[in-house]
Amino acid sequence: MRSLTNRLLSVWWISWFGFIGAFLIIGGLECTQEISRGAPSPFSLTLLIVTSLSWAFFFVSDAKAPNREPAIVNVLTTMGTILTIFTAPGIFYFVDIAPRVQ
């Protein structure tokens with residue numbers, strides 16, 4: 001059972017790269033289009049910058065973790081899950097809402 005949990009946890013961690021990639025590609029393209037149309041939306045730029053810096057902070061924290069004790073892995077997993085919960089609506093914002101805001 002422990003092996004299955006570890007595998008599911010690994011898949012969950014790897015899936016974060018899909019969320020991050022989608023957010024950066026879609027958000028970056030939308031912000032580029034907003035800049036080319038004139039003034040970009042301050043919310044779009046703020047969302048893109050804050051979320052990107054939050055993920056960067058997460059990966060720096062992960063790299064600086066001294067060891068892989070279960071408690072540290074649980075904290076990192078919780079932190080990454082919370083970031084994913086905030087990143088998913090950000091993707092929705094850039095896909096659906098941001099093109100209509102101008």
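Every read-out reported here was derived from the displayed coordinates using simple, explicitly stated rules and does not represent laboratory data. Note that the structure is predicted; figures quoted are calculated from it, not measured. Every residue, glycine as well, gets a Cβ built from its backbone with ideal geometry; the counts of neighbours run over all protein chains shown.
Work out the length of the dipole vector of the range 2-100 about its Cα centre, built from +1 on the beta-carbon of each Lys and Arg and -1 on the beta-carbon of each Asp and Glu, and round it to the nearest 20 debye.
Computed about the Cα centre, the dipole is about 240 debye.
Please work out how much length the chain gains when fully extended from SER61 to VAL95, using 0.36 nm per residue of separation minus the C-alpha to C-alpha distance, in nm with one decimal. Present the calculation step by step, with values, prior to reporting the outcome.
Working: separation 34, 0.36 × 34 = 12.24 nm, distance 2.96 nm.
Result: 9.3 nm gained on full extension.
Of the listed values [x] 15.6; [y] 15.0; [z] 16.5, identify the label whose number matches Kirkwood radius over Cα pairs in Å calculated from this model.
The calculated read-out lines up with [y].
For every helix of n ≥ 4 consecutive DSSP H residues, a contribution of -39,500 (n - 2.57) applies; sum these over the chain, divide by its total residues, and give [θ] at 222 nm rounded to the nearest 500 deg cm²/dmol. Present the calculation step by step, with values, prior to reporting the outcome.
Numbers: 3 runs with 82 residues, N = 102.
Helices in the chain give a 222 nm mean residue ellipticity of -29000 deg cm²/dmol.
What is the local net charge at ALA56, summed over the other residues whose Cβ is closer than 13 Å to its Cβ (Lys, Arg +1; Asp, Glu -1)? Write out the running numbers ahead of the final one.
Working: positive: LYS64; negative: ASP62.
It works out to a net charge of 0.
Using the Cβ atoms and a cut-off under 13 Å, what net charge is assigned to the surroundings of PHE94, where Lys and Arg are +1 and Asp and Glu are -1? Don't skip to the end; give the middle numbers.
Values: positive: ARG100; negative: GLU30, GLU34, ASP96.
That sum, taken over residues with Cβ under 13 Å, equals -2.
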